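Asks: The structure follows.
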Amino acid sequence: MNSKFLYTIIFILFAFLVVIPVAYTLITALFVEDSFITNLRALKSDTFLLLAKSSFIAFMIAVLSTFFGTVLGFILYKMNVRFKRFFKIALLIPLFISPYILAVAWKDLFYLLFDDASFTSSNFGLILVLTTVFTPLSMLIIGSAFSNIDAQLEEAGFVITNMKSVILKITLPLIKHALISSFVLVFIFSISEFSVPAFFGVKVLTTEIFTQFSAFYNHSLAILQSGLLIFICIFLLFTEGRHIADASFLSVGSKGMKNQTYNIKNWNLFGLFMLVVWFVISVILPFIILFIQSFKEGTSKFVQAFELLVPTFGSSVGLAFLGAIIIVFVGFTAAFFSARHTGKKGRSFDWLLLIVFAIPSTIFGISLIKFYNQPMLELIYASYLIILIAYVGKFSFISSKIIGNAIRQIPGSLDEAAKIQGISAFKRLINIWIPLIMPSLFISFMISFIFSLGELGTTIMIYPPGTEIMPIKVFTIMANAPQSLTSSMTLIVFTITLLIITGFYFMMKPLLKKYHYAID
């Protein structure tokens, strides 16, 4: 099959199944169900005050995450600290765990220490938790930028000045766009987050949209409020979109320029201390707190939690597995065509994936409901298919980024040489491209699987009646459950996620060794 034809089919399917529902929902809410002026009048001053509050919280999270991500990225990618490879993987764990799990752990911590968790039900508590969640993302983006700096530029700087000046006047300016990309992405994720503010009881625009849509059935107002968030996210994307589209979330391989590391002997121990402290705060402490709270009254609550979650394991893992396969296929199609066609035509799929990726989860869920709740689309609306569409829409951009980074490292001369020898496009794809990017395909599958397994913001809006998915089961029960049962359920989900990550890691090591790759 012609690769361009396949790309066109995938592009059209993605546009129809994922993008058109968002456009349809916004257009019908603004111009069909009511007049545009009527909808505008429905927006009261409270909505704009809530938007300002949500924007402030997101701004603080983005600033703090970018700062800590820069510090951690510098330590891991520019300093000669011990156990660097371990921390490059270990510090990413909060990024792969559903944010509400860490929210439960932090709430348990304040209950355990002060017998009062009111701090978590505040803007500061929300900022604290989401900073720990999104700092690994900043660390990835900024760390990748650190590793891609041409060492010759820094070495030339050392000839005429000291290390402090090199860092401030050469290194940091060279990663300026990575810093901005980190800030913009974390801001978008933070202002779009639903589960943590909902659990903490902090009123932000995403929780208000959910309330208007699900509790008051005021769909037009909810969608109009959603439009405000979409406008902010899309505006930020277009101001810095080119750099975000080119930002490396995770690079597999070490091809490219030599990375200059700083031999700061007096600071290496302090850098290691910083890594250990952050690892303890973001990973070890939440697990310990959940464990203590789960078993402080014996094992009965843990057993009850396990019995409640057992029926969800099969459907959750099966959906995540199938979703990850589709996501990798879509991501590979978009990345391969984009790498082979550098013009506007080649980047159109990238932009489509990026825009959908930036749409807040609750808003994306509302769009899927409004579009697919039609008699002719009942097969999708009332089945697991709508959940798979949600997974593909939310995570294909990440898959495309990981695979695209690998494809761009492969010399085009390999494909050209095979083409001259008369080897067909399909055989070149199977025998050259796929084997060379196999580690990236595997990592893309792993991350897509973990993200799909823990996805909550969209699926809580769209899951069909009678379906049982693990994160939804936990979130819906813990609203009225005793604290020990809530802790036990989140501990089980936390443990399952850690076991899956560990299993994937040990499966990945021989694969990376076989292809002579390293995670950067």
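The values are calculated or read from the model by the stated rules, or taken from the named source; none is laboratory data. It should be emphasised that the depicted structure is a prediction, and the values quoted were computed from it without experimental measurement. Note that we place each Cβ from the backbone using ideal geometry, even for glycine, and neighbour counts take in every protein chain shown.
Asks: Restricting to segment 192-218, and then to whatever is surrounded by fewer than 18 Cβ atoms within 10 Å (Cβ to Cβ) and part of a helix (DSSP H, G or I), can you tell me which residue is modelled with the highest pLDDT?
Replies: Pass one, segment 192-218, residues surrounded by fewer than 18 Cβ atoms within 10 Å (Cβ to Cβ): 201, 203, 211, 214-218.
Those still in the list that are part of a helix (DSSP H, G or I) too: 211, 214.
Working: Thr211: 87, Ser214: 79.
The selected residue is Thr211.
Asks: Being in a helix (DSSP H, G or I), under 29 Å from Ser452 (Cβ atoms) and without any contact (Cβ under 8 Å) to a residue 24 or more places away in the chain, is that true of even one residue in segment 114-123?
Replies: Let us first name the residues in segment 114-123 that are in a helix (DSSP H, G or I), namely 114, 118-121, 123.
Remaining after also requiring under 29 Å from Ser452 (Cβ atoms): 120.
So of that shortlist, the ones also without any contact (Cβ under 8 Å) to a residue 24 or more places away in the chain come out as none.
Looking for residues that are in a helix (DSSP H, G or I), under 29 Å from Ser452 (Cβ atoms) and without any contact (Cβ under 8 Å) to a residue 24 or more places away in the chain, one finds none in segment 114-123, hence no.
Asks: Take the residues in segment 102-111 that are in contact with a Leu (Cβ under 8 Å, 6 or more places away or on another chain) and buried (at least 21 other Cβ atoms within 10 Å of the Cβ); name whichever of them is nearest to Val474 (Cα to Cα).
Replies: Of all residues in segment 102-111, those in contact with a Leu (Cβ under 8 Å, 6 or more places away or on another chain) come to 104-106, 108-109.
Going one step further and asking which of them are buried (at least 21 other Cβ atoms within 10 Å of the Cβ), we end up with 104-106, 108.
Details: Val104: 11, Ala105: 14, Trp106: 17, Asp108: 16 Å.
Looking at the filtered set, the residue picked out is Val104.
Asks: Let me ask something else. Among the numbered criteria (1) in contact (Cβ under 8 Å) with a residue 40 or more places away in the chain; (2) within 30 Å of Gly466 (Cα to Cα), which one does Lys401 miss?
Replies: That leaves (2) as the condition not met.
Asks: Next up: Would you pick out the residues in segment 419-443 that are assigned to a helix (DSSP H, G or I), polar (S, T, N, Q) and surrounded by fewer than 16 Cβ atoms within 10 Å (Cβ to Cβ)? It would help to see each step written out before you state the result.
Replies: Within segment 419-443, the subset assigned to a helix (DSSP H, G or I) is 419-420, 425-436, 438-443.
Next cut, polar (S, T, N, Q) only: 431, 440.
Result: Asn431, single match.
Asks: Out of everything in segment 360-380 that is in a loop (DSSP other than H, G, I, E, B) and touching a helix residue (DSSP H, G or I) at 6+ places or on another chain (Cβ under 6 Å), what residue ends up being farthest from Thr467 (Cα to Cα)?
Replies: This residue is Pro360.
Asks: Ser383 passes all but one of (1) part of a helix (DSSP H, G or I); (2) modelled with pLDDT of 85 or more; which number fails?
Replies: Among (1) part of a helix (DSSP H, G or I); (2) modelled with pLDDT of 85 or more, Ser383 violates only (1).
Asks: Let me ask something else. Is it the case, given these coordinates, that Phe273 is more than 26 Å from Ile447 (Cβ to Cβ) and crowded, with 16+ Cβ neighbours inside 10 Å?
Replies: Numbers: more than 26 Å from Ile447 (Cβ to Cβ): yes; crowded, with 16+ Cβ neighbours inside 10 Å: no.
It is false that Phe273 is more than 26 Å from Ile447 (Cβ to Cβ) and crowded, with 16+ Cβ neighbours inside 10 Å.
Asks: Among the residues of segment 386-418, write down those that are modelled with pLDDT under 80 and part of a helix (DSSP H, G or I). Break it down into steps so the answer makes sense when it comes.
Replies: Kept after step one, since they are modelled with pLDDT under 80, are these residues of segment 386-418: 405-406, 408-418.
Passing the criteria: Asn405, Ala406, Gly412, Ser413, Leu414, Asp415, Glu416, Ala417, Ala418.
Asks: Does Tyr391 count as under 20 Å from Ser226 (Cα atoms) and touching a helix residue (DSSP H, G or I) at 6+ places or on another chain (Cβ under 6 Å)?
Replies: Numbers: under 20 Å from Ser226 (Cα atoms): yes; touching a helix residue (DSSP H, G or I) at 6+ places or on another chain (Cβ under 6 Å): yes.
It is true that Tyr391 is under 20 Å from Ser226 (Cα atoms) and touching a helix residue (DSSP H, G or I) at 6+ places or on another chain (Cβ under 6 Å).
To keep it simple, each residue is scored yes or no on (1) in contact (Cβ under 8 Å) with a residue 60 or more places away in the chain; (2) assigned to a helix (DSSP H, G or I); (3) touching a strand residue (DSSP E or B) at 6+ places or on another chain (Cβ under 7 Å); (4) basic (Lys, Arg).
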| residue | (1), (2), (3), (4) |
| --- | --- |
| Lys88 | yes, yes, yes, yes |
| Thr135 | yes, yes, no, no |
| Phe146 | yes, yes, no, no |
| Ile149 | yes, no, no, no |
| Val159 | no, yes, no, no |
| Val166 | no, yes, no, no |
| Ile170 | no, yes, no, no |
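Asks: Right, here's the next one. Could you give every pair whose Cβ atoms fall below 7 Å, whose first residue belongs to segment 269-293 and is farther than 14 Å from Ser488 by Cβ, and whose second residue is among the polar types (S, T, N, Q) and surrounded by fewer than 20 Cβ atoms within 10 Å (Cβ to Cβ), counting only separations of at least 6 or pairs across chains?
Replies: Close Cβ pairs (under 7 Å, with a partner that is among the polar types (S, T, N, Q) and surrounded by fewer than 20 Cβ atoms within 10 Å (Cβ to Cβ)) do not exist here.
Asks: Can you run down the residue pairs with Cβ atoms below 8 Å, 6 or more apart or on separate chains, where the first is in segment 433-456 and over 16 Å from Thr333 (Cα atoms) and the partner is surrounded by fewer than 21 Cβ atoms within 10 Å (Cβ to Cβ) and among the hydroxyl-bearing types (Ser, Thr, Tyr)?
Replies: Pro439/Tyr515; Ile450/Thr497; Leu453/Thr497; Gly454/Thr497
Asks: May I ask you to verify whether Ser338 is more than 17 Å from Thr459 (Cα to Cα) and out of contact with any His (no Cβ under 7 Å at 6 or more places or on another chain)? Break it down into steps so the answer makes sense when it comes.
Replies: Working: more than 17 Å from Thr459 (Cα to Cα): yes; out of contact with any His (no Cβ under 7 Å at 6 or more places or on another chain): yes.
For Ser338, the condition - more than 17 Å from Thr459 (Cα to Cα) and out of contact with any His (no Cβ under 7 Å at 6 or more places or on another chain) - is met.
Asks: Of everything in segment 276-334, what is surrounded by 15 or more Cβ atoms within 10 Å (Cβ to Cβ), touching an Asp or Glu at 6+ places or on another chain (Cβ under 8 Å) and farther than 24 Å from Gly466 by Cβ? Give them in sequence order.
Replies: Ile289, Leu290, Gln293, Ala334
Asks: What are the pairs with Cβ atoms under 8 angstrom where one residue, in segment 172-186, is outside any helix (DSSP H, G or I) and buried (at least 22 other Cβ atoms within 10 Å of the Cβ) and the other, located anywhere, is at pLDDT 85 or above and not aromatic (Phe, Trp, Tyr)? Sequence gap at least six, or different chains.
Replies: If the second residue must be at pLDDT 85 or above and not aromatic (Phe, Trp, Tyr), the pairs left are Ile175/Ile142.
Residue-wise test of (1) over 18 Å from Leu290 (Cα atoms); (2) among the basic types (Lys, Arg).
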{"position": "Ile97", "(1), (2)": "no, no"}
{"position": "Tyr100", "(1), (2)": "no, no"}
{"position": "Lys107", "(1), (2)": "no, yes"}
{"position": "Phe110", "(1), (2)": "no, no"}
{"position": "Asn123", "(1), (2)": "yes, no"}
{"position": "Ile127", "(1), (2)": "yes, no"}
{"position": "Thr131", "(1), (2)": "yes, no"}
{"position": "Leu140", "(1), (2)": "yes, no"}
{"position": "Phe146", "(1), (2)": "yes, no"}
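Asks: Continuing with the same structure: Residue under question is Phe114, and the condition is that it be of a type outside the set (Val, Ile, Thr), surrounded by fewer than 19 Cβ atoms within 10 Å (Cβ to Cβ) and either closer than 21 Å to Leu205 by Cα or in contact with a helix residue (DSSP H, G or I) (Cβ under 7 Å, 6 or more places away or on another chain) (or both); does it hold? Spell out the reasoning first.
Replies: On the way: of a type outside the set (Val, Ile, Thr): yes; surrounded by fewer than 19 Cβ atoms within 10 Å (Cβ to Cβ): yes; either closer than 21 Å to Leu205 by Cα or in contact with a helix residue (DSSP H, G or I) (Cβ under 7 Å, 6 or more places away or on another chain) (or both): no.
For Phe114, the condition - of a type outside the set (Val, Ile, Thr), surrounded by fewer than 19 Cβ atoms within 10 Å (Cβ to Cβ) and either closer than 21 Å to Leu205 by Cα or in contact with a helix residue (DSSP H, G or I) (Cβ under 7 Å, 6 or more places away or on another chain) (or both) - is not met.
Asks: Next question, about the same structure. Can you tell me which residue is farthest from the chain's Cα centre (by Cα) among those in segment 464-495 that are among the β-branched types (Val, Ile, Thr) and under 17 Å from Leu388 (Cβ atoms)?
Replies: Keep residues of segment 464-495 that are among the β-branched types (Val, Ile, Thr), which gives 467, 469, 472, 474, 476-477, 486, 490, 492-493, 495.
From the residues that got through so far, the ones that are under 17 Å from Leu388 (Cβ atoms) too are 467, 469, 472.
Details: Thr467: 24, Ile469: 19, Ile472: 18 Å.
Result: Thr467.
Asks: Residues in segment 48-84 that are free of Cβ contacts under 8 Å to residues at least 12 places away in the same chain and either buried (at least 19 other Cβ atoms within 10 Å of the Cβ) or basic (Lys, Arg) (or both): how many?
Replies: 1
Asks: Of the conditions (1) at pLDDT 85 or above; (2) farther than 22 Å from Leu322 by Cβ; (3) crowded, with 21+ Cβ neighbours inside 10 Å, Thr495 fails just one. Which one is it?
Replies: For Thr495, the exception is condition (3).
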